[in-house]
Amino acid sequence: MSTKRDLIFDPSGDVLLVLASGNEESSAAEDDNETTSVIEEVEALVSSRHLALASRVFRIMFDGQFKERVELNSKKVKRVPLPDDDAQAMTILLYIVHGLNMRVPKEVSMEEFIAISILIDKTSFMRQQRWSTIEKILLCLQKTVDRYLTDTQQCRNDSKNCDTLVLGDIIKKLNANTLYPVPDAAPPELSVNALLADLGGIQYTSLCQIQNRSYYGTPSCNITTTFRAQLAQLESTVTGLNLTKFVSSTKRKHDYPDTSPKRKLRNKRAASTD
């Protein structure tokens, strides 16, 4: 069974976020112990500008250059389904983003707090460090491509054919990983580790390597080694939250729960059978 609830965060909003929250209701019959799953669909009318200013993910979703970009229409509200996001957590964040502070709850449960934290991390609300690192990686990648696009010879053996092969190989392999043309920012679902893994796993080929050329006894034009060294340097600057001490001190009493609507329903069913 499903119900519907409308929330208005901006009366002039141009985006309708469609969220889902799960619940269970007992059957009305006294001799019937079955429960009914109720999926509530929440339609939230929001401002794409507010979301784009607060979240890098939404900014890319609405203004990015990817094919997954949501095309906005000034004459029609765009419907954007977010079925996997916790509806209650998203509602609280939307109140904050749209400046509706009087509607923000003063207290939340631990489960709601964790759900909000997970959603902030996923959507990068007010979070810039990860995206700054991704931008540095992509900038490094773009500079590598640009070097081979110039007239300046990169091959130390003065082989134009080697530069041509390297450039073609870079473009072909980046394109296979949907990273060419090099984007201004990574897709919303891409993490720093995933981007580093994708780029670090690419093997680039040069004519000098094929012909086993060397420059004063050392291999020439090993673009793979050079680029991986640059990536390793960028990776060393990445820092994040370390929960090792917290986990050990609490003896792992609590794991981060899956707060999706489907998980909530499964948890309630399991509790009712105990």
| query | Of 122/143; 78/143; 76/136; 4/78; 136/172, which ones are farther than 26 Å apart at the Cα? | reply | 122/143; 78/143; 76/136
| said: How far apart, in nanometres, would the label points at residue 237 and residue 191 be if each is projected 7 angstrom from Cα along the Cα-to-Cβ direction? | reply: 2.1 nm
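Between residue 77 and residue 150, what is the FRET efficiency for a Förster distance of 41 Å, r being their Cβ-Cβ separation, to the nearest 0.05? Mind dumping the intermediate values first?
On the way: r = 46 Å, r/R0 = 1.13.
That gives a FRET efficiency of 0.30.
Within 10 Å, count the other beta carbons around each residue, average over each peptide in 97-109, 4-16, and list them highest first.
Numbers: 97-109: 11.4, 4-16: 14.9.
Most protected by this proxy first, the peptides run 4-16, 97-109.
Quick note: the coordinates plus some simple rules give every number you see, no bench work behind them. A quick note: this is a predicted structure, and the numbers were derived from the prediction, not measured. With ideal geometry, Cβ positions are generated from the backbone for all residues, glycine too; neighbour counts draw on all protein chains shown.
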